[in-house]
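The values are calculated or read from the model by the stated rules, or taken from the named source; none is laboratory data. Everything numeric in this text was worked out from a predicted model, so none of it was measured. Here Cβ is always computed from backbone atoms with ideal geometry, including for glycine, and neighbour counts include all displayed protein chains.
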Amino acid sequence: MSSISLISFTPWEAASVRKIADRYEELLPEGAWPNWVLGNHDKPRFASRVGKAQARVGMMLLLTLRGTPTMYYGEEIGMHDVDIPDESIFDPWGKNVPGLGLGRDPERSPMQWDSSPNAGFCPPNVKPWLPIANDYQAINVAVERDNPHAMLSLTHALIKRRRTIAALSSGDYRSFETPDGVFAFLRQQDEQRVLVALNFTNQPKRWTLPKEVAQAKTLLSTHLDREGDEVGETLELRSDEGVILSV
């Protein structure tokens, strides 16, 4: 299994990400299997790098590309970097070279499980090893589990589609020419075909679909509100929206 990341070395732009995905597939030897990752404990969190709206687009990308997705804890609920006061710094980089922004503590804050003190990571009378995000009462597993439009709900929906649709779990990959700001690719397993289209911008996009993928049905939108919608010859993408279409 070969691996590649979209952590911080590639601009979060449709054309750049498509180039990476296409080149990766091109270089893989026959029988090789990709591995994708958006974030880890050494780089700023994905939601902090691209924003809350694009974090949802990134999650759809991660869970629909061919290969094994590797998810850093907290990405499934949209956790972001946390400001760390000087007296709370633990990371050696942050201590040894202060003021350069090299410390890795901001992306290592405790997992946010619920709205209780310390986000449910440790008992209320115990000081967590790093500060908790100020908005943890809104961004946590318990709250998002009950919100059908939350990031966690989107993550669950994507995992479900990936597990139940063979084209998404093990199908071939092929990208398309698209309008600027849009990255689209086909996943195909035998006769089953699924089109993924991602709007990397905060502006609506319109794409006249190639004939081979026109006349599709929406399986999932990052906005979690378009399932079952019919798509004809033109795909309308809202700002910061990704969709999965059954062709």
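When only residues in the stretch 141-161 that are exposed (fewer than 15 other Cβ atoms within 10 Å of the Cβ) and charged (D, E, K, R) count, which is farthest from Arg66 (Cα to Cα)?
Asp146
So, of the residues in the stretch 133-147 that are assigned to a loop (DSSP other than H, G, I, E, B) and either among the small types (Gly, Ala, Ser) or modelled with pLDDT under 95 (or both), which turns out to be farthest from Pro106 (Cα to Cα)?
Looking at residues that are assigned to a loop (DSSP other than H, G, I, E, B) and either among the small types (Gly, Ala, Ser) or modelled with pLDDT under 95 (or both), I get Asp146.
Quick one: in the stretch 75-87, of everything that is crowded, with 16+ Cβ neighbours inside 10 Å and not β-branched (Val, Ile, Thr), which residue is nearest to Leu220 (Cα to Cα)?
Checking each candidate, the answer is Glu76.
Output the residues belonging to the stretch 180-221 that are basic (Lys, Arg) and farther than 23 Å from Ile20 by Cα.
Arg206, Lys211, Lys217, listed by residue number.
Could you tell me which residue of the stretch 194-218 is surrounded by the most Cβ atoms within 10 Å (Cβ to Cβ), considering only residues that are part of a strand (DSSP E or B) and touching a helix residue (DSSP H, G or I) at 6+ places or on another chain (Cβ under 6 Å)?
Leu198
Of the conditions (1) in a loop (DSSP other than H, G, I, E, B); (2) at pLDDT below 95; (3) surrounded by 14 or more Cβ atoms within 10 Å (Cβ to Cβ), Gly99 clears all except one; give me its number.
(3)
Here is a yes/no grid of residues against (1) surrounded by fewer than 19 Cβ atoms within 10 Å (Cβ to Cβ); (2) touching a strand residue (DSSP E or B) at 6+ places or on another chain (Cβ under 7 Å):
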{"residue": "Gly67", "(1), (2)": "no, yes"}
{"residue": "Ile89", "(1), (2)": "yes, no"}
{"residue": "Asp105", "(1), (2)": "no, no"}
{"residue": "Ser115", "(1), (2)": "yes, no"}
{"residue": "Asn125", "(1), (2)": "yes, no"}
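Please go through (1) surrounded by 14 or more Cβ atoms within 10 Å (Cβ to Cβ); (2) of a type outside the set (Ser, Thr, Tyr); (3) at pLDDT below 95 for Gly228 and return the number of the only condition it doesn't satisfy.
Condition not satisfied by Gly228: (1).
Listed here are the residues, each with its yes/no results for (1) in contact with a helix residue (DSSP H, G or I) (Cβ under 8 Å, 6 or more places away or on another chain); (2) assigned to a loop (DSSP other than H, G, I, E, B); (3) touching a residue at least 60 places away in the same chain (Cβ under 8 Å); (4) crowded, with 21+ Cβ neighbours inside 10 Å.
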residue: Thr10; (1), (2), (3), (4): yes, yes, no, no
residue: Ile20; (1), (2), (3), (4): no, no, no, no
residue: Pro44; (1), (2), (3), (4): yes, yes, yes, no
residue: Ser48; (1), (2), (3), (4): yes, no, no, no
residue: Tyr73; (1), (2), (3), (4): no, yes, no, no
